[in-house]
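Values quoted throughout were computed directly from the atomic coordinates according to the rules given, and no laboratory measurement underlies them. These figures come from a predicted structure and were not determined experimentally. Cβ atoms come from the backbone with ideal geometry, glycine included; neighbour counts cover every protein chain shown.
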């Protein structure tokens, strides 16, 4: 069992839907391969969070109404009027087939129309997609994890992904501006520095400098923008110098940066 | 002679009772719980141990005067529900202990915690003693103003401060947890085992980086651009858990243990 095969079958392993022999082989591999064992733990964590986030368990009232008014009478009419209903239902009668088709259609419609507007369906099968795409999804989800340690790891995964897409850059900028953990923000700033040749990254850093309050992050952003000779940084740096609340060390660095710009 | 010796030991016991008070806070499931210590001035190391109680003893404790009989001290920082100048707040999985006694009174606490607790420590800038933490099997997060000394932590280590020294020694890098050390002006000193496996990133804006490991940086021998000159990325023994060190003005030391 190779690492690639193991990682592709992790969702099924967690789902309990593998044949016994295959499950045994995968578990044997996990007991000796640290990387795959780590991937397994992370997939379990991600899936448990997705399940916990799914609070839409109770059918909406409109669906109940549809069932009682439309569907239930159909069901009642399809049952025999004499004797036990469980004896005389013919599985392949026209009415039963029609009722089954109707229920399938209702279920499909409910699935399409009851889904929250802005939420893309996240299913176990989406984790079976190509590993880089799966890793990107995992990273983006982990960037919103409650644990600062997991968010820090997510920034590292993003770094391993190579050239990030605009969506990933935006996610990193959001982390830079609003994560409540200093280490995660510093890691995001350090990672963004690797892509500071990109216009979208420079724009985001200049915007961020205007609103950053965390001294260490201010220093890192000023350093990046100074190195890149980004003149749009001058005004936010002047604002930092004028701000009475700015840290003394930050002001020292700001003076230096302004001189270099 | 015997009477004299027993009088002495009695006096020591009584003076111990008078000069320290201890509280114990039970923790039902340490592996799932998180402890936050806020503005506690410590004496000695905050130490993990194999038990299921948080044990905090206040040194040089002075009981309330006779005039305050049937009264409780009132502090600006919160409500003392322990009798030793602390507020303990427990939710399902988070225990927050806040130091209430003003720093001018030099309160000092000796703290032992179950080794499996996740520990977060936040110190204000009145605490200028070195903060020592050791012997934990779970994650540690520290936000301090001054020096921090960390030994034998098996979980993630996230430490930030402004001045002094961040001194971290790892016994092993056989772990899946990241280390992140961030400082303004402190010197950051990290000791790793001689055959450590780690993926290290060191970034000092205005300081220098020193090491006694034999290191070939990825760009050794190649032309380095100015922008990348202050960020050093390297892998010890072909890489391992992530260690990120970011310093504004201080130096960074990477030592072989």
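Things worth noting here:
- Estimated distance in nm for a label pair at residue B:210 and residue A:147, the labels positioned 7 Å out from Cα along Cα-to-Cβ: 3.7
- Averaged over the residues of peptide B:179-186, the number of Cβ atoms from other protein chains lying within 10 Å of each residue's Cβ is 4.
- The calculated FRET efficiency for the pair residue B:128 and residue A:24, based on their C-beta separation and a Förster distance of 45 Å, comes to about 0.15.
- Averaged over peptide A:179-187, the number of partner chain Cβ atoms lying within 10 Å of each residue's Cβ comes to 5.
- Rounded to the nearest 10 degrees, the inclination of helix B:2-19 to the longest alpha-carbon principal axis of chain B is 60 degrees.
- The overall shape of segment B:156-257 is oblate: from the C-alpha gyration tensor, with semi-axes ordered a ≥ b ≥ c, the ratio a/c is 1.5 or greater and a/b is no larger than b/c.
- Descending Cα extents along the principal axes, chain B, whole Å: 77, 44, 39
- Relative contact order of segment A:130-260, pairs being alpha-carbon contacts under 8 Å that are 6 or more residues apart, as %: 17
- Our note on the geometry: Cα centres of segment B:168-196 and segment B:228-257, 9 Å apart.
- Normalised contact order of segment B:156-257, rounded percent, pairs of Cα under 8 Å and 6 or more residues apart: 40
- Efficiency of FRET from Cβ geometry, residue B:60 and residue A:195, R₀ 51 Å, rounded to 0.05: 0.40
- Each part gets one Cα centre, and for segment A:134-161 versus segment A:184-260 those centres are 24 Å apart.
- Global form of segment B:75-159, assessed from the alpha-carbon gyration tensor, a/c cut-off 1.5: oblate
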